[in-house]
Amino acid sequence: MTAVQDAPAAPQKEIGRDRRRKEDQRLITGRTRWTDNITLPGMLHLAMVRSPHAHARIVSIDTAEAKTSTNVVDVLTGADLGEGQGVNINAWPITPDQVTPTHVPMPSDRVACAGEIVACVVARSAAEARDAAELVDVEWEVLPAVLDLKKAAADEVLAHPDLGTNKSAYWKFDSEEAGTGGNVDEAIAKARTDGIVIEREYRQQRLIPAFMEPRSVVVDPTGEQITMWSATQIPHILRFALAATTGVPESKIRVIAPDVGGGFGGKLQTTPEEFIAWAVARRLGKPIKYTETRSESLVSGHHGRDQWQRLTLAAEKDGTVTGLKVDLLADLGAYVAIVGGGVPVLGAFMFNSIYKFPAYQFGVQTVLTNSTWTDAYRGAGRPEATYAIERLMDELAVEVGVDPIAIREKNWINADEFPFTTVAGMEYDSGDYAAATARAKEMLGYDELRAEQKRRRESNDPVQLGIGVSTFTEMCGLAPSRVLGSLDYGAGGWEHASVRMLATGKVEIVTGASAHGQGHETAFSQIVADRLGVAFEDVEVLHGDTQISHKGLDTYGSRSLVVGGEALVKATDKVIERAKPIAAHMLEASADDIEFSGGRFSVRGTDQGVAIAEVAMAAFAAHDLPDGVEPSIDSEATYDPVNFNFPHGTHLCAVEVDTETGGVKMRKYACCDDIGNIINPLIVSGQVHGGLVQGIAQALWEEALFDESGTLVTGSFVDYLLPTSADTISFDIDHTTSPSLTNTLGTKGVGEAGTIASTPAVVNAVVDAIRHFGVNDVRMPCTPERVWKAIHANDGGDPTERAAMPHFGDEDVAGNQETPGASSTEGAGA
Amino acid sequence: MIPTAFDYLAPTTVEEALSALAQHGDDAKIMAGGQSLLPVLRMRLNAPEMVIDLGRIDSLRGVRDDGDAIVIGAMTPHFEVAKDPLVTEHAALIPKAIEHLADAQVRHRGTFGGALAHADPAGDLGAPALALGAQFVIAGSGGTRTVGADEFFVDLFETAIGEDEILTEVRVPKHTGWGAHYEKFVRVVHQWPIVAVAAAVRMDGGSIAEARVGLTNMGSTPIRARAVEAALVGAAPTDDGVRAAAEQAAEGTNPPSDLNGDADYRRHLARVLTRRAVVAAAGG
């Protein structure tokens, strides 16, 4: 080994570069294996027999005819699988006394929602399994079902009669009790006397995470170690759940998430299908594959949102906010899913958003119904919170008679007030709401559009213009283990990374985050390339296989970069530290005199140096290492952050409402997100664009609906309206930069930001366009019919009828208020 | 999803197709592009034992001039119909509707006759065919017969085509020089129309001389808005000129109520969209 004398020119910095995603070529050209592409010798296929009823007792299951069908190997019921099938766990009991029905993957006695699996057919081909599944004859005793969230909260019909109630848990945060603020009831009482009280009830409709790749699972039980491939976001958590509930030692389980085609939260579940495939494979000793159809995916994959939000905002007459009270009813569906009631709890810290509320109270009642279970969907709790507060701020602006941006400016945390501890107890590290807002206004052409809006209104134009504002923040990087522990979350939030320095100068990094479309391979390569001074192309990112990535907590909650990326930084720093003594030895210098820069170790004050690849080679050869130094510079790190991080941004949306049809057409959308330092602007743009469309889709298009018997009416994409690129416009996006102070890269999460911010921006715009017709709300999705009916709701009627409704009483939050969308306003302007 | 197993025949002549149909009767289903049939089979909503694919019968494909009408072969894919010079010259309303029909893939695989024979009341071609007074040529074992548009659409997914018959071609009377517009109202672009209006207008001087108006998804079949057509004669091609006539658009309709709107909302839409379609067709 000879020391290289000439230092090469420093490579271009990778962080901040618009790198095209290195994973895309293989994903786009099909040079990869998705779970459904995996074929094993002797593999058998599963087809599921599902309940058509929302609530029914299984009287009998006749499998005889199905068993004689061509190439059928077996037909199994819940009774056949018994306890070996494990349990689908809830990892976050939000209260100690939470009512949690046991969720057996394949029940043998009773189903609690349509789509539940009661039998499965094992056959030599998927087609033969499907044919035979139709021959399974189930005799049902249909039981009364409860589908409506408010009716369920009244406990008249029980989703699980043996539990005695549909109310699962009531979780509360009160700023006075927590010592983070004042008494909210006093603030509201005072505002009723001499200020403004705005009371609204908003509906967060149920949504379906419509990932591109349907869920699929393959189980190979033929070795001593059982391997499961699954289209999942959470291979590590899945492995834990299998071990914890099926009795197989964790060390005998390998879970592989190969390339996974999207999730949006919908794949962070441990599913009945995975557990059934697992049980059947173990029982038969044969590899098993199950891939769901889209129809099955829509009815049985977990759904998202589904809340009623009762909100009371108190303010002084000039619009200074004084209190916020939030009462939620949240639909769990038939079972408490893995995060389950934790989803609304994640929103609890975000209703106060960027505003300086002196008093705050949040309560959520989670409720069981005979519907598909619900869990995290892109944003998970925070879109609901952001929607509520951003809709309320627009309403407050109307009451005070000022521009919606002005009312926000009056109440938000100023840039010089960071770090700022909020009334919900969160410490916001950095941000500049005014800067992001100024930029967004400029991009939208806010003042010009306001002028146009005025012209259209004055001329009674059939097409009215509305402008919606959303100045959001969110907490992301779902992590700090202590915080999660204090909330009774079942796991920690750390992340693990390791860096392997290969003898040929290439670098393998292993991350516990489990990408399913985010572009981790590219972004993580950029970080490592800069950190170690190696070429972007020389970095390989490995993930998703518990045998390769042995430690990890997977991908959700905008955590991969801010937690997993930071773990990677720490691991690379350790590589450099481990390499220093070897480099010093090679350079015949003291380790104290070695400095590392641009991929080279050099002796301070000299031009002597070695490249990190040479050190890696020296460590590999191990022919001449200093005494006591291990022949490896590979390193790993597990990182647990001390705080979340808080990206924010200002989203402005202009819509045209055709008052003759109620049709809503997006005119312009501009957003300025502050997500701290950016690793790859191209990937960020993709996250923002996709996130925006998903949030806009909640505002305008998507809604999962059941009929009274519990059948999913929106059971295909004919009725569940997923937008395509043809339904969207080109978005104007930009960024301000307030680096996060809670991680060394200064990054903040961006995976959910667009979805969280956009929904209220759009609905605010729709309401703004037609407010002069006496409209103060349109329920989501804002269908043309709903918009048109809102415009004409006051035709010939008393336009003040809605505002004259009595304010919310102090009755039980579980709610017996039948009137949807109740609202009232007291005080100035009412 | 995987359909139930079925047998498959791909005859190359109409005669072969008819004889296969006669042989298999109720157990057979005709495939004419498959854009509606295949999803139905894959979701196992229907399970025919035999699928007879008309895709290889060359004589059913293409557009020809036949004096006062153009003749569109039933198996001509939508995109070929839409770009055919005879169609654009003499039946401009049809390409206007095809432009909004489903998505590009469906327009390439689906066929003109297949869509009409499927008779989905929310299908985009029924209203234009009805408005233009199309005639449907139907072949059976005893030869061919021709049915007018008014008799062709019988009910939801039901036409005058007998169980042992095949739609072979559609004769569209030439509407040379007529303005045309298809006004389709949807929430997302790949959706079936909530309501759509097909309008063709012949102008004379500054006013409407003749108008043809068809409604999509306002009943169990496409509906011809004859009252509107009559009231439009002599009207100025402007919003105000057309408004009164368009107000009659919902008369005699029986629209469905579903997730996208109730019947009253659809009646309202029919009036608004009719006005817009007629004004646009007239070049206003």
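Considering Cα pairs under 8 angstrom that are at least six residues apart, work out the relative contact order of the stretch B:61-172 and quote it in whole percent.
The value is 28 percent.
Through the Karplus equation 6.51 cos²θ - 1.76 cosθ + 1.60, θ set to phi - 60°, convert the phi angles of the stretch A:446-454 into ³J(HN,Hα) values in whole Hz; use x for Gly and Pro.
Once θ is set to phi - 60°, the couplings for the stretch A:446-454 become 4, 5, 5, 5, 4, 5, 5, 4, 4 Hz.
If the cut-off is a Cα-Cα distance under 27 Å, which lysines reach A:K167, setting aside same-chain residues fewer than 8 apart in sequence?
List returned: A:K150, A:K151, A:K267, A:K325.
From the square roots a ≥ b ≥ c of the eigenvalues of the alpha-carbon gyration tensor of the stretch B:7-52, which class results: rounded (a/c under 1.5), prolate (a/b over b/c), or oblate?
Cα axes put the stretch B:7-52 in the oblate bin.
Report the extension gain between A:K190 and A:K150 in nm, rounded to one decimal, defined as 0.36 nm multiplied by the number of residues separating them, less their alpha carbon distance.
Here the segment from A:K190 to A:K150 would lengthen by 11.4 nm.
Got the relative contact order for chain A handy, in percent, Cα pairs under 8 Å and 6 or more residues apart?
Dividing the mean separation by the residue count of chain A yields 17 percent.
Enumerate the aspartates and glutamates that A:K13 could reach by cross-link, defined here as Cα to Cα under 19 Å, with residues fewer than 8 away along the same chain left out.
A:E521, A:D530, A:E537, A:D538, A:E540, A:E566, A:D573, A:E595
Give me the number: length gained by fully extending A:S125 to A:S597, i.e. 0.36 nm times residue separation minus the C-alpha to C-alpha distance, one decimal in nm.
Taking A:S125 through A:S597 to full extension adds about 164.2 nm, to one decimal.
Starting from the 7 Å offset along Cα-to-Cβ, what nm value, one decimal, do you get for the label separation of A:V142 and A:T421?
5.7 nm
B:A227 label point, 7 Å along Cα→Cβ, cut-off 15 Å on backbone N: hits in the stretch B:251-284?
B:251-255, B:267-272, B:274-275
What longest region of chain A stays clear of GluC sites (Glu not before Pro) that DSSP places outside H, G, I, E and B and that have at most 15 other Cβ atoms within 10 Å?
Between the exposed loop sites, the longest stretch runs A:225-587.
Quick check for chain B: number of Lys pairs with alpha-carbon distance under 18 Å, counting only pairs 8 or more apart or on different chains?
Within chain B, the lysine pair count is 4.
Cut-off under 18 Å on the C-alpha distance; same-chain residues fewer than 8 positions from A:K748 excluded. Which lysines are left, in chain and number order?
Counting by Cα, and skipping residues close in sequence, A:K748 has these lysines nearby: A:K570.
What is the set of long-range amide H partners of B:G148 at a cut-off below 5 Å, with H atoms built 1.01 Å from backbone N?
B:F136
Compute, for the stretch A:221-316, the length of the dipole vector about the Cα centre, with Cβ point charges of +1 (Lys, Arg) and -1 (Asp, Glu) only. Units Debye, rounded to 20.
It works out to roughly 320 debye.
List the GluC sites (Glu not before Pro) within the stretch B:28-91 that fall in a DSSP loop (any state other than H, G, I, E or B) and whose Cβ has at most 15 other Cβ atoms within 10 Å.
Filter output for the stretch B:28-91: B:E49.
Please compute the contact order of chain B in relative form: average sequence separation of alpha-carbon pairs under 8 Å and at least six residues apart, divided by the residue count, as a percent.
15 percent.
What is the distance, in nm, between label points placed 7 Å from the Cα along the Cα-to-Cβ direction at A:D707 and at A:L27?
In this crude spin-label approximation the distance works out to 3.9 nm.
Taking the stretch B:99-194, which GluC sites (Glu not before Pro) meet the DSSP loop condition and have no more than 16 other C-beta atoms within 10 Å?
The qualifying sites are B:E99, B:E163.
Quick check: pseudo-label points 7 Å beyond the Cα along Cα→Cβ at B:A236 and A:L741, how many nm apart are they?
6.9 nm
Using a Förster distance of 41 Å, how high is the FRET efficiency between A:R457 and B:T88, based on the Cβ-Cβ distance and rounded to 0.05?
0.50
What Kirkwood hydrodynamic radius, in Å, does chain A give when the mean of 1/r is taken over all pairs of distinct Cα atoms and then inverted?
28.2 Å
In the neighborhood of A:I594, defined by Cβ-to-Cβ distances under 15 Å, what is the net charge if each Lys or Arg adds +1 and each Asp or Glu adds -1?
-4
Report, for chain A, the % of DSSP beta bridges that are antiparallel, rounded to 5.
Looking only at bridges with both residues in chain A, the antiparallel portion is about 80 percent.
Please report how far the C-alpha centroid of the stretch A:586-613 lies from that of the stretch A:278-310, rounded to the nearest whole angstrom.
After rounding, the separation between the Cα centres reads 55 Å.
No value in this document is a laboratory result; all are computed from the given coordinates. Small disclaimer: the values here were computed from a predicted structure and weren't measured. Cβ: placed from backbone, ideal geometry, glycine included. Neighbour counts: every protein chain shown.
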